[in-house]
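Taking it in order: structure first as structure tokens, then the write-up.
The values are calculated or read from the model by the stated rules, or taken from the named source; none is laboratory data. Treat the numbers as computed from the prediction; the structure is a model and nothing was measured. No Cβ is skipped: glycine too gets one built from the backbone with ideal geometry, and neighbour counts run over all protein chains shown. The accessibility values were calculated without ligands, DNA or RNA, using every heavy atom of the protein model including side chains. Shrake-Rupley method; radii C 1.70, N 1.55, O 1.52, S 1.80 Å.
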Amino acid sequence: MTYLEEKTAELAAYLPPLTREADFDLFWETTRTQADAVPLEARRTPCPYPIPSIAVSDIQYNGFDGTPIHGWLIVPTWRQAGRLPCLIHYHGFTGNRGLPCDFTAWTSLGVAVLSIDCRQQTGDTGTRAVLSSGCTQSVVCQGILDPYEYYFRAVYMDCVRAIDFAAAQPDIDPDRIILEGGSQGGALGMAVSALDERPWLAMVDVPSNSLLRERVINAHGSFSAVTDYLKVHAHLTDQVFRTLSYFDTMNLADRIRCPLLASVALNDTTCPAKFYFASYNRITSPKEIVIYPFNGHEGGRNVQLQRKLSFLADHLGYAGDKSV
């Protein structure tokens, strides 16, 4: 057995116990009902852009609590008339919707791209959330004592509503919605795939939000802010862990129904590969994973981008060399 085969076999056997609370399903049913009751109020404003092969629009829609969510919709102009597949991009922690030129690899396949901000990170999107617990050191601590107020409840629903926005566009095919992102964005791709039946494909790299209790215990990545919070409020540990359990992709993964391509890196100390396998091993839909044995949280970078382009091209029915 090769080194990589040995590591893969070890990770494939990892299945820590779930941490779902008894009201887990009710929580997400209530959350989705609350989100669906908010008018979308979608806006799409064309913007001039120097690349003639794409048409760019500045977009906005109402998120979970009416917070205006900002993003880009980027449509290839060279495609013939007809509704286009749409890739929804979710960015990494402290990121934003990026620039339209960041997504031309996808539009070169004839796919539209919707890239959105996560609220209160480095984009143009704020928040209308009302909070009664947590601290302001990091958004991952906001509302940490109550799952109904927790930061990622709103973010998960904002990302579901990105599908609502895409599906409402006359030039987008609502049956071919593709989710894509890395780190926090990978977690959002996992969560939305589990909480909504509409995604056609998902591609997630070095995903966050899996095995969250261990992320906090070991102070990995963004969830080290929760570790710091518990250094001051140790008596609230069980309450914090209960809140996080509703947002742990490990507890959501068996609800994913679309084909999924994932990647992890074995030297990743921000979102450890083993932690993600607690989620990946519970996915029952068609899935595949790429393991980069010596990379860190940067993952496979452009090598993985090539793999994702081939994966998407294959599902779109494009002929070509898939050797990359």
Rounded to the nearest Å, the spacing of the alpha-carbon centers of the range 74-115 and the range 169-229 is 18 Å
Could you check the simple spin-label distance between E288 and C135, using points 7 Å along Cα→Cβ, in nm with one decimal?
4.5 nm
Could you provide, to the nearest whole Å², the per residue accessible area of the range 166-324 with probe 1.4 Å?
38 Å²
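Using DSSP loop states and a limit of at most 13 other Cβ atoms within 10 Å to flag GluC sites (Glu not before Pro), what is the longest stretch of the chain containing no flagged site?
Working: sites that count: E41, E197.
Longest stretch, sites excluded: 42-196.
About the Cα centre, and with charges only on the beta carbon of Lys, Arg (+1) and Asp, Glu (-1), how big is the dipole of the chain? Nearest 20 debye, please.
On the way: 27 positive and 35 negative charges, 64 e Å.
Dipole of the chain, to the nearest 20 debye: 300 debye.
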Within the range 6-49, trypsin sites (Lys or Arg not before Pro) in DSSP loop having at most 16 other beta-carbon neighbours inside 10 Å
R20
Just to be sure I understand: of the beta bridges DSSP finds with both ends in the chain, what percent are antiparallel, rounded to 5?
40 percent
Determine the share of the chain's accessible area contributed by carbon and sulfur atoms, expressed in whole percent, with a 1.4 angstrom probe.
52 percent
Label corresponding to P(r) over Cα pairs in 20 Å bins from 0, in percent when calculated from the structure given, among (i) 33, 59, 8, 0; (ii) 30, 56, 14, 1; (iii) 32, 53, 15, 0
(i)
Ranked by GNM mean-square fluctuation in the chain (Cα springs under 10 Å), the top entry among W78, W28, W200 is W78
Among Y49, A112, F93, whose Cα sits farthest toward the positive end of the charge dipole of the chain (+1 at Cβ of Lys/Arg, -1 at Cβ of Asp/Glu, about the Cα centre)?
Y49
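Note the full-extension length gain between A37 and A22 as 0.36 nm times their separation in residues minus their Cα-Cα distance, in nm to one decimal. Intermediate results must be reported in sequence, preceding the final value.
Working: separation 15, 0.36 × 15 = 5.40 nm, distance 2.49 nm.
Separation in residues times 0.36 nm, less the Cα-Cα distance, equals 2.9 nm.
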Quick calc: nm separation of the 7 Å Cα→Cβ label points for Q239 and N218 -> 2.8 nm
In the range 100-184, which trypsin sites (Lys or Arg not before Pro) are in a loop and have at most 13 other Cβ atoms within 10 Å, using DSSP for the loop call?
R128
Loop only per DSSP, at most 16 neighbouring Cβ atoms within 10 Å: give me the chymotrypsin sites (Phe, Trp or Tyr not before Pro) in the range 230-320, ordered by residue number.
F294, Y318
For the range 1-84, build the charge dipole from Cβ charges (+1 Lys, Arg; -1 Asp, Glu) around the Cα centre, then report which of T67, L18, Q80 sits farthest towards its positive end.
Q80
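Please give the charge dipole size of the range 181-282, origin at the Cα centre, charges +1 on K and R Cβ atoms and -1 on D and E Cβ atoms. Round to the nearest 20 debye.
Numbers: 9 positive and 9 negative charges, 24 e Å.
Roughly 120 debye for the range 181-282.
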Return a single number: how many Lys pairs in the chain, at a sequence separation of 8 or more or on separate chains, have alpha-carbon atoms below 19 angstrom apart.
6
